[in-house]
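The values are calculated or read from the model by the stated rules, or taken from the named source; none is laboratory data. Every value quoted in this text rests on a predicted model; they were computed, and no experiment measured them. Because the Cβ atoms are built from the backbone with ideal geometry, glycine has one as well, and the counts that use them run over all protein chains shown.
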Amino acid sequence: MQLEQQVTQRLDQLEQQHEEQQEQSERQQKIEKQQIEQQTRLHRQTELAQEVARLGEQQQASQQALTGLLGEHATAEHWQQALENAIEQARQTESSAAEALQQIQSQLIQLAAELKSAQQQQQSLQQELAELDVQISEWRGQHPELDDTALDTLLTYDDAHVEQLRLQLNATDKALEQAKVLLQERDQRLQQHQAQYSDLSDSTQLAAALQQAHEQSALGEQQCADLRAELSEDQRRRNANSELQARINDANDEYLRWARLASLIGSAEGDKFRKIAQAYNLDLLVHHANAQLRQLVRRYRLKRGGSMLGLLVMDTEMGDELRSVHSLSGGETFLVSLALALGLASMASSTLRIESLFIDEGFGSLDPESLQLAMDALDGLQAQGRKVGVISHVQEMHERIPVQIKVRRQGNGLSTIEVGN
């Protein structure tokens, strides 16, 4: 265990040393880079100084050329003009040289500041490098067995190998801890055993204790057998109870189904079922009546509402507004009643088409507009191929119905029938 701990500690120390060496190498590279930058700045400073000297020589040559040109002019005006031109050119040259000099001086100041900062940083890095060398020397002195060869060998191990060694070490430590716990438990049991049988000094007492232990063991086995029998009986009862509970659940489901059905239609008078059947038939009647209303008048539709067997009228021209059937006018009521009659005929004629319709009176209470609407609806039914018979005393209807059967009273309870156009 100590050897494994030493190996682990040495591996950790080796890894730390490797990291420190990498950091030292990075610092050394940084110092070398800064030295190169410093040399570049010094070289640039030398070039700028040479540029200043060259500009000074150029300025001196310009002044000498100006002096030589003063005696070459024939008249004073030419000389004056040439002089002014030369002065202006000299001023421009001087201004350019002054600006260049100022820029060079600014660059020199900046380079000097950068050089000073680089020197300070280099000095700090050198001091830090010296401290790291001292720390490495101290660590090498504390671990003389790790020479350069051993360190090179350890550095060849990859991360996977190091991780595997750590896992093995952790597993060994865990196994050792478990063994210690098991050993401690065995020691406690040994001490308890020794304390329990410390008073049995001879073989007679040991034999008696052994016989008593056998009797207790037999009694325990008998009790265990009894408990097994009770457990088996309990399991049998549990299975029987499960089957009985399943049957109870099935019966309860059946009871709930019939109870729900009884709550819906179960009554001695049959009121509930009758209302359900009437509501179902009313739905069918509304469906067939709406189909007839689409042909008679497209504005209105019938809809269930108001009560269980009530009807409402939906006005499609008023945003599908629902209102009572009592709000309809006489002609509208006639058309809705006619649609209901035709719908009822459609329900009654599942296999037989009913093509005849007879209407007895009811037209005398209609206003002219409603009467016109009712007559248009009857004309539409006739156009569909249905025969419509009307019993009425309204003169306007006599004028519009082409085929008429007139009953004329003769007196004494006699009448005559006359068919005409």
If I filter the range 363-389 down to residues being out of contact with any strand residue (DSSP E or B) (no Cβ under 9 Å at 6 or more places or on another chain) and assigned to a loop (DSSP other than H, G, I, E, B), which single residue comes out as nearest to residue 295 (Cα to Cα)? 384
Subset of the range 390-410, residues part of a loop (DSSP other than H, G, I, E, B) and surrounded by 10 or more Cβ atoms within 10 Å (Cβ to Cβ), comes to 392, 394, 401
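Quick grid of which residues meet (1) surrounded by 11 or more Cβ atoms within 10 Å (Cβ to Cβ); (2) modelled with pLDDT under 85:
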{"site": "76", "(1), (2)": "no, yes"}
{"site": "89", "(1), (2)": "yes, yes"}
{"site": "100", "(1), (2)": "yes, yes"}
{"site": "108", "(1), (2)": "yes, yes"}
{"site": "127", "(1), (2)": "no, no"}
Would you call residue 360 out of contact with any helix residue (DSSP H, G or I) (no Cβ under 9 Å at 6 or more places or on another chain) and modelled with pLDDT of 85 or more? no
Restricting the range 88-110 to residues that are aliphatic (A, V, I, L, M) and in contact with a helix residue (DSSP H, G or I) (Cβ under 8 Å, 6 or more places away or on another chain), the residue that is nearest to residue 40 (Cα to Cα): 108
Can you spot a residue in the range 305-328 that is closer than 18 Å to residue 291 by Cβ, surrounded by 10 or more Cβ atoms within 10 Å (Cβ to Cβ), among the hydroxyl-bearing types (Ser, Thr, Tyr) and at pLDDT 75 or above? yes
Give the residue, chosen from 393, 398, that is of a type outside the set (A, V, I, L, M) and without any contact (Cβ under 8 Å) to a residue 12 or more places away in the chain. 398
